[in-house]
1. Say whether the condition of being under 22 Å from GLY161 (Cα atoms), touching a helix residue (DSSP H, G or I) at 6+ places or on another chain (Cβ under 6 Å) and among the hydroxyl-bearing types (Ser, Thr, Tyr) is met by at least one residue in the stretch 66-82.
2. Go through the stretch 199-230 residue by residue and tally those that are among the small types (Gly, Ala, Ser) and either touching a Lys or Arg at 6+ places or on another chain (Cβ under 6 Å) or closer than 19 Å to GLU183 by Cα (or both).
3. When you go through GLU155, GLU183 one by one, which is the residue that is surrounded by fewer than 20 Cβ atoms within 10 Å (Cβ to Cβ), within 21 Å of GLY125 (Cβ to Cβ) and touching a residue at least 40 places away in the same chain (Cβ under 8 Å)?
4. Go through the stretch 2-79 and tell me which helices (runs of 4 or more DSSP H), entirely inside it, have 3 or more residues that are more than 20 Å from the chain's Cα centre (by Cα) and in contact (Cβ under 8 Å) with a residue 60 or more places away in the chain.
5. Does GLY191 satisfy the criteria of being buried (at least 17 other Cβ atoms within 10 Å of the Cβ), free of Cβ contacts under 8 Å to residues at least 60 places away in the same chain and under 17 Å from the mean Cα position of the chain (by Cα)?
6. Go through LEU15, LEU59, LEU67, LEU11 for me and flag whichever is within 24 Å of GLU134 (Cβ to Cβ) and not hydroxyl-bearing (Ser, Thr, Tyr).
7. List every residue pair whose Cβ atoms lie under 7 Å apart, where the two residues are 6 or more positions apart in sequence or sit on different chains, the first residue falls within the stretch 259-285 and is touching a residue at least 12 places away in the same chain (Cβ under 8 Å) and surrounded by 17 or more Cβ atoms within 10 Å (Cβ to Cβ), and the second residue, located anywhere, is of a type in the set (Asp, Glu) and assigned to a helix (DSSP H, G or I).
8. Go through the stretch 176-198 and count every residue that is farther than 21 Å from ALA82 by Cβ, charged (D, E, K, R) and in a helix (DSSP H, G or I).
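The values are calculated or read from the model by the stated rules, or taken from the named source; none is laboratory data. The structure presented is a predicted model; accordingly, all values stated were derived computationally and were not measured. Cβ placement follows ideal geometry from the backbone for every residue including glycine, while neighbour counts extend to all protein chains displayed.
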Amino acid sequence: MTAPEPMSAQLQTFLQQAATRVEGQIELALGQTTTGAETLFAAMRYGALGPGKRLRPALVYACAQTLRGADFEPERCDAAAAALECIHAYSLVHDDLPAMDDDDLRRGRPTCHIEFDEASAILAGDALQTQAFELLLASAGAPELKLRLLAELAEAAGSRGMVAGQAIDLDSVAKTLDLARLEAMHRLKTGALIRASARIGALLGGASETQLAAISRYAEAIGLAFQVQDDILDVIADTATLGKTQGADAARNKPTYVSLLGLDGAREKLQDLHRQAIDALAQLPGDSGLLQQLADYIVQRSH
């Protein structure tokens, strides 16, 4: 296996700037605590502002920038980017709970329920979920656009999106899934929020329906690619590199792309999804180089 190519300076700068913007938005939103609920806010900040890739917010900015070009205004994306990170953070806090995946390590640190306690982690996740919708509702913009963004986020995060995928995942432990059912699960569990991030960015960038469809195909491909690479890394990387427990999926007897396709087959699947993502970008006007670099990063990342 060849070593991952180093991230370009352009992408590294872009990701750092996106992370700084979204973390500032979340800091501002969580800066004023409710009297008596200081532990809740501390747990929320711990879950939302710890180390992380900030990939979903980055997709919001990148899709809007690709479509707007020189007219791109990142501040128009700040609230939506922060909202998506809050939803993602809540999902990780709850995913790590003993009743779910029962993990004690996330992003190289104790998980939220280990650092605080189970009740605080549950409440922090609940509050981060509602914080996302509060951020979007308080954002500037035309009411009809705001409603569409809210609908995108609600569908992606709920019982027809991410939560449904998590439910299927929990029900699939120690069961045999074929490739089609595994993909259907991950299109919901991982892919739905990645797709929503890209679509929300595209809508903020003024996408036409044709452009939105192309962005959706791109995001669906990288959403699955992200999960395939996760499954590969769970086998080949160590705990220190991953920032979470290596081999956890195998230990829980969960179906993965590697368990179904083998390591070489999973790598072939990853490259096919990468090609699908790049092909979708050909339907967009202007320079889509930033989105291509994000696709490259997703399939080459080491953690």
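1. No, every residue in the stretch 66-82 fails to be under 22 Å from GLY161 (Cα atoms), touching a helix residue (DSSP H, G or I) at 6+ places or on another chain (Cβ under 6 Å) and among the hydroxyl-bearing types (Ser, Thr, Tyr).
2. Residues of the stretch 199-230 among the small types (Gly, Ala, Ser): 201-202, 205-208, 213-214, 216, 219, 221, 223, 225.
Pick out the ones that are also either touching a Lys or Arg at 6+ places or on another chain (Cβ under 6 Å) or closer than 19 Å to GLU183 by Cα (or both) and you get 205, 216, 219, 221, 223, 225.
Of the residues in the stretch 199-230, 6 are among the small types (Gly, Ala, Ser) and either touching a Lys or Arg at 6+ places or on another chain (Cβ under 6 Å) or closer than 19 Å to GLU183 by Cα (or both).
3. On the way: GLU183 fails: within 21 Å of GLY125 (Cβ to Cβ).
Step by step, each of GLU155, GLU183 is checked, and only GLU155 is surrounded by fewer than 20 Cβ atoms within 10 Å (Cβ to Cβ), within 21 Å of GLY125 (Cβ to Cβ) and touching a residue at least 40 places away in the same chain (Cβ under 8 Å).
4. Numbers: elements: 9-29, 38-49, 55-68.
By residue number, 38-49.
5. Working: buried (at least 17 other Cβ atoms within 10 Å of the Cβ): yes; free of Cβ contacts under 8 Å to residues at least 60 places away in the same chain: yes; under 17 Å from the mean Cα position of the chain (by Cα): yes.
Yes.
6. Details: LEU15 fails: within 24 Å of GLU134 (Cβ to Cβ); LEU67 fails: within 24 Å of GLU134 (Cβ to Cβ); LEU11 fails: within 24 Å of GLU134 (Cβ to Cβ).
Being within 24 Å of GLU134 (Cβ to Cβ) and not hydroxyl-bearing (Ser, Thr, Tyr) holds for just one of LEU15, LEU59, LEU67, LEU11, which is LEU59.
7. Hits for this filter: ALA266/ASP231.
8. Number of matching residues: 4.
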